[in-house]
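The values are calculated or read from the model by the stated rules, or taken from the named source; none is laboratory data. What you are looking at is a predicted structure, and each value in this text was computed from that prediction instead of being measured. Note that we place each Cβ from the backbone using ideal geometry, even for glycine, and neighbour counts take in every protein chain shown. The area values use the complete protein model at the heavy-atom level, side chains included, leaving out ligands, DNA and RNA. Shrake-Rupley method; radii C 1.70, N 1.55, O 1.52, S 1.80 Å.
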Amino acid sequence: MLVSKAARRYATALLETAKEQNVVEETLKDILFIKGTIDNSKELLVFLKSPVIKPSDKEAALHSIFGKNVSKLTNEFIKLISAKERTAILVEIVSAFIEQYNEFAGIIEVEVRTAKSLDSEQIKELKKVLEKSTSKKVEMNLKEQLDLKGGLLVKIQDTVIDGTVKHKLEQLEQMFLANSVE
């Protein structure tokens with residue numbers, strides 16, 4: 001997801017305030033709760049982004065949804081973004097906060113695609129190898145993709161390590177095509 005500079009600034013401010021108040025983990029739980037709620041409600045997302053709904057109505061709705069379920073700091077933050085008419089970028093702020101928290105905590109998100117699901121021992125071993133090679137705590141997002149035929153594809157930020165059978169076959173095909181043209 002593309003995140004605006006404004007969203008990054010709000011996320012940074014929230015994380016810094018949470019650090020100062022020593023409530024980083026609690027704030028992360030709140031942010032994950034907000035993310036889950038918005039992800040599961042397209043209506044809420046449309047509501048937040050709507051330019052015709054008054055900021056005070058958005059603040060009231062957010063307070064009724066999250067008020068009793070999040071900490072004082074997160075409630076104050078929701079009031080702030082409502083007052084500043086930034087509820088339309090709440091999803092971006094949440095994403096930026098999670099990214100910044102992961103950087104703060106030394107966590108890296110890794111996407112792993114496999115042709116068939118891995119057993120728990122394979123997952124544990126793969127995680128261990130990835131943590132050793134990245135020197136960070138790894139959070140793996142496992143996806144099954146049957147067309148890979150075998151092997152695995154690992155995405156770490158902008159780096160892709162493709163060890164799939166599909167990729168090897170494509171490379172072999174390219175080599176044969178290049179040699180047959182000569």
Practice task
Report the charge-dipole magnitude of the chain in Debye, nearest 20, computed about the Cα centre from +1 at each Lys and Arg Cβ and -1 at each Asp and Glu Cβ.
Solution key: 420
Handout entry: Greater than 23 Å apart at Cα, pairs in 5/132; 19/132; 19/72
Key = 5/132; 19/132
Practice task
Report the relative contact order of region 1-141, percent, no decimals, based on alpha-carbon pairs under 8 angstrom and at least 6 residues apart.
Solution key: 32
Practice task
Return the Cα extents of region 1-60 along principal axes one, two and three, sorted largest first, each rounded to a whole Å.
Solution key: 37, 26, 23
Practice task
With a 1.4 Å probe and every protein chain left in place, tell me how much accessible area residue 80 has, in Å² to the nearest 10.
Solution key: 70
Completion exercise
For residue 9, the accessible surface traced by a 1.4 Å probe with all protein chains present amounts, in square angstrom to the nearest 10, to 150
Practice task
Starting from the Cα of residue 174, step 7 Å along the direction of its Cβ; do the same at residue 100; then give the gap between the two resulting points in nm.
Solution key: 3.9
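State the percentage of accessible surface on the chain attributable to carbon and sulfur atoms; use a 1.4 Å probe and exclude ligands, DNA and RNA.
54
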Handout entry: Å² of accessible area per residue within region 17-68, as computed with a 1.4 Å probe and no ligands counted
Key = 66
Handout entry: 19 Å Cα-Cα reach of residue 149 towards lysines, excluding residues that sit fewer than 8 places from it in its own chain
Key = 116, 166, 168
Completion exercise
The ³J(HN,Hα) series, computed from each phi in region 97-106 with the Karplus coefficients 6.51, -1.76 and 1.60 at θ = phi - 60°, rounded to the nearest Hz and given as x for glycine or proline, is 4, 4, 4, 5, 4, 4, 5, 4, 8, x
Handout entry: Volume in Å³ per residue [convex hull over Cα atoms, computed for region 6-138]
Key = 138
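Rounding to the nearest 20 debye, state how big the charge dipole of region 1-73 is about its Cα centre with +1 on each Lys and Arg Cβ and -1 on each Asp and Glu Cβ. Mind showing how you got there, number by number?
On the way: 12 positive and 9 negative charges, 49 e Å.
So the magnitude is around 240 debye.
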Problem - Under 5 Å, built H, 5+ apart or other chain: amide partners of residue 41 - result: none
Completion exercise
Long-range amide H partners of residue 108, meaning residues 5 or more apart or on another chain whose placed amide H is closer than 5 Å, are 137, 138, 139
Completion exercise
For region 13-26, Karplus-derived ³J(HN,Hα) couplings (6.51, -1.76, 1.60; θ = phi - 60°; whole Hz; x for glycine and proline) come out as 4, 5, 5, 4, 5, 5, 5, 4, 8, 6, 10, 4, 5, 5
Problem - C-alpha center-to-center spacing [region 95-158, region 30-92] in angstrom - result: 30
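At 222 nm, what helix-only mean residue ellipticity would the chain give, in deg cm²/dmol to the nearest 500, using -39500 (n - 2.57) for each DSSP H run of four or more?
-20000 deg cm²/dmol
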Completion exercise
SASA check, residue 57, accessible area w/ 1.4 Å probe, all protein chains in place, rounded to nearest 10 Å², comes out at 80
Exercise for the section: Using θ = phi - 60° and the Karplus relation 6.51 cos²θ - 1.76 cosθ + 1.60, list the HN-Hα couplings for region 53-67 in order, rounded to whole Hz, with x at every Gly or Pro. Expected result: 8, 5, x, 5, 5, 5, 4, 4, 5, 5, 5, 5, 6, 9, x
Practice task
Using a 1.4 Å probe and counting only protein heavy atoms, arrange 176, 97 so the residue with the most accessible area comes first.
Solution key: 176, 97
